[in-house]
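Scroll down for the structure; my scribbles are underneath it.
Derivation of every value follows stated rules applied to the coordinates shown; laboratory data play no part. The shown structure was predicted, so the numbers you read here are calculated from the model rather than taken from an experiment. Cβ coordinates were reconstructed from backbone atoms using ideal geometry, including for glycine residues, and neighbour counts include every protein chain displayed.
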Amino acid sequence: MRVGRWLLVLVPLVLLGLERPPVLPHAPAPDPRALVPRVVPIPPDNPQTPAKVELGRRLFYDPRLSLDGKVACASCHRPEFAFSDGGNPVSVGVFGREGTRNAPTLTNVAFRRRLFWEGRSPRLELQAVGPLTAHHEMGMEPEALARRLSSIPEYARAFQEVFGEPPSLKNVAFALAAFERTLLSYNSPFDRFVAGDDRALSPAALRGMELFFSERGDCFHCHVGPEFTDDEPRNTGLYTVYPDVGLARITGRDEDVGKFKTPTLRNVALTAPYMHDGSKKTLREVMEHYNRGGEPNLNADPLIRPLGLSESEVDDLVAFLESLTDAQFISNPALLPSR
Ligand code: HEC
Ligand code: HEC
């Protein structure tokens with residue numbers, strides 16, 4: 001009898017539980033020293049070869065890939081700013097045409113599971129087609145691009161060598177992706193700390209790191225793992241009314257308004273201004289946004305709430321973010337224009 005009655009209660013509960021997506025408890029903070037670099041994933045249909053990477057590098061820095069012959073990938077992804085565009089809130093493409101978004105860093109972009117601010121592109125090979133053909137970026141028609149590169153003997157030769165065919169939008173994108181997968185940065189003071197150097201971080205950066213990986217600062221739930229991102233679209237309460245609706249532009253769903261992909265924080269001190277629209281000028285401004293708990297927004301992530309950090313704790317967080325800068329990355333000759 002008794003057992004029967006319990007079953008009546010338990011069975012519906014279990015069924016209810018099965019219907020809902022499981023509510024995962026928030027992951028506990030990791031030990032920062034466990035955040036060691038991972039192996040770069042290479043797609044089987046675009047194996048890396050030195051000749052392909054070299055071709056990709058040449059293309060990346062070459063403004064002849066654009067309609068007016070003045071804009072290269074590197075115009076908006078400049079090595080000295082960790083492959084972001086250095087100071088412009090939104091990017092400027094061919095004929096001075098302005099876009100609407102801030103150029104993200106390409107630091108360790110090989111690991112991104114989603115590309116673009118709302119994550120609309122799944123892989124680098126597809127992503128590159130975007131800027132090559134976008135009206136406000138490089139503005140090229142696929143046939144015009146193929147024709148122009150075929151008319152440059154050194155490219156005609158290099159494409160034949162690497163792909164066994166003449167230049168096309170597709171193989172340009174594949175070569176660019178191969179080069180982008182070499183944009184690897186693992187030599188910041190933070191990385192040296194992870195590798196065992198106890199003196200790599202200043203006392204302020206150490207305090208900031210502790211806050212970053214604590215329930216109080218709560219940064220690590222979105223800026224996850226050694227790449228400092230979960231690659232998930234999130235609403236951080238940047239605005240109450242978002243001029244750019246982010247993920248909702250693709251899905252059309254109300255609950256996706258204002259969702260943008262969590263960016264990596266590697267080399268973040270080099271990539272001002274911040275956020276998808278470049279609306280925050282300094283890291284301190286970004287930290288003040290989080291400390292306030294953002295602006296009221298229906299879709300804001302529950303992790304965004306007033307943090308109650310003191311001025312000096314905010315400074316410590318900034319010091320930690322600055323310790324993610326890798327000076328060797330931006331001066332690595334293998335990643336700069338070839339001579
Ligand atoms: C006119 C400036 C401009 C040019 C030129 C440009 N980009 Fe970008 N790039 C941007 C902006 C702005 C974004 C973000 C756009 C968005 O999210 O809608 C972006 C996003 C990206 C991303 C996604 C990064 C991420 O983490 O989501 C990659 C990869 C990238 N660009 C590579 C390239 C390559 C390769 C080229 C050359 C073929 C190039 N870009 C040319 C401005 C530019
Ligand atoms: C709910 C997830 C989430 C939490 C929690 C979070 N972030 Fe972010 N962070 C994001 C997203 C998403 C963006 C981009 C938002 C946008 O552009 O609209 C971002 C942007 C940033 C930027 C600007 C980076 C750039 O390239 O523009 C910095 C710096 C940053 N976060 C640091 C932190 C720190 C430090 C904390 C902890 C105090 C933190 N974040 C907590 C998701 C989060």
**Study point:** Stretch gain in nm, segment Ala156-Gln328, where the contour uses 0.36 nm per residue and the Cα spacing is subtracted
**Key:** 58.6 nm
Check your understanding: What's the center-to-center distance, using Cα atoms, between the range 87-130 and the range 263-339 in Å?
Key -> 18
Check your understanding: Where is the GNM fluctuation largest for the chain (alpha-carbon springs, 10 angstrom cutoff): Arg57, Arg78, Arg147?
Key -> Arg147
Review point. In percent, what relative contact order does the range 50-184 have, based on Cα pairs under 8 Å that are 6 or more apart in sequence?
Key: 29
Review point. Relative to the longest principal axis of the chain, what angle (0 to 90°, nearest 10) does the C-alpha long axis of helix 2-19 take?
Key: 20
Study note, to complete from the structure: Dividing the helical contributions, -39500 (n - 2.57) per DSSP H run of n ≥ 4, by the residues of the chain yields a 222 nm value, nearest 500 deg cm²/dmol, of -9500 deg cm²/dmol
**Study point:** Value of Rg to Rh for the chain (Rh from inverse mean 1/r over Cα pairs, i.e. Kirkwood)
**Key:** 1.04
Practice item. Run the numbers on the chain and let me know its relative contact order in percent, using alpha-carbon pairs under 8 Å that are six or more apart. Key: 21
Revision key, fill the gap. Magnitude of the Cβ-charge dipole (Lys and Arg +1, Asp and Glu -1) of the chain about the Cα centre, nearest 20 debye, reported as 620
